[in-house]
Ligand code: FES
């Protein structure tokens, strides 16, 4: 049902945890299932230097969150805003159709954190 990459990122999530002094955070809750993500960002000169996440959700949500952090580290915030949940799911070698909404949690949490960063909200 799940790809090897999903199982890997679920079993060994990258960049999981909190950040002591983030430049911004973003929280997002899925209207589909009620699961949540919190994203912590460190930004320098418009580039994402560090990113961490805490996700209370299913295996697909945790794997998507982990993959999302790996994809956007080193991107400008403008580039990171272009990241879609489909790109995250594709990088995981796909998700079952009924689990695609779980990848939205990762993309929407990231976008919320960037939006807060731009608004000066920590
Ligand atoms: Fe809620 Fe997957 S079932 S994020």
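The values are calculated or read from the model by the stated rules, or taken from the named source; none is laboratory data. Keep in mind that what you see is a predicted model, and the values were worked out from it rather than measured. So basically every Cβ, Gly included, is an ideal-geometry build from the backbone, and we count neighbours across all protein chains shown.
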Options 95, 105: the member that is assigned to a loop (DSSP other than H, G, I, E, B) and within 13 Å of the ligand (Cβ to nearest atom): 95
Count of the range 33-52 residues which are within 13 Å of the ligand (Cβ to nearest atom) and touching a residue at least 12 places away in the same chain (Cβ under 8 Å): 4
Some residue of the range 80-101 being touching a strand residue (DSSP E or B) at 6+ places or on another chain (Cβ under 8 Å), surrounded by 21 or more Cβ atoms within 10 Å (Cβ to Cβ) and either within 20 Å of residue 24 (Cβ to Cβ) or free of Cβ contacts under 8 Å to residues at least 40 places away in the same chain (or both): yes
Single match in 80, 60 (criterion: away from the ligand (no atom under 16 Å from the Cβ), touching a helix residue (DSSP H, G or I) at 6+ places or on another chain (Cβ under 6 Å), modelled with pLDDT of 95 or more and outside any loop (DSSP other than H, G, I, E, B)): 80
Failed item in (1) touching a helix residue (DSSP H, G or I) at 6+ places or on another chain (Cβ under 7 Å); (2) at pLDDT below 95; (3) more than 16 Å from the ligand (Cβ to nearest atom), with residue 121 passing the rest: (1)
All positions within the range 11-29 that are within 13 Å of the chain's Cα centre (by Cα) and within 20 Å of residue 60 (Cβ to Cβ): 13, 14, 15, 16, 17, 26, 27, 28, 29
Residues being surrounded by 15 or more Cβ atoms within 10 Å (Cβ to Cβ), in contact (Cβ under 8 Å) with a residue 40 or more places away in the chain and under 18 Å from residue 121 (Cα atoms) - total across the range 9-28: 6
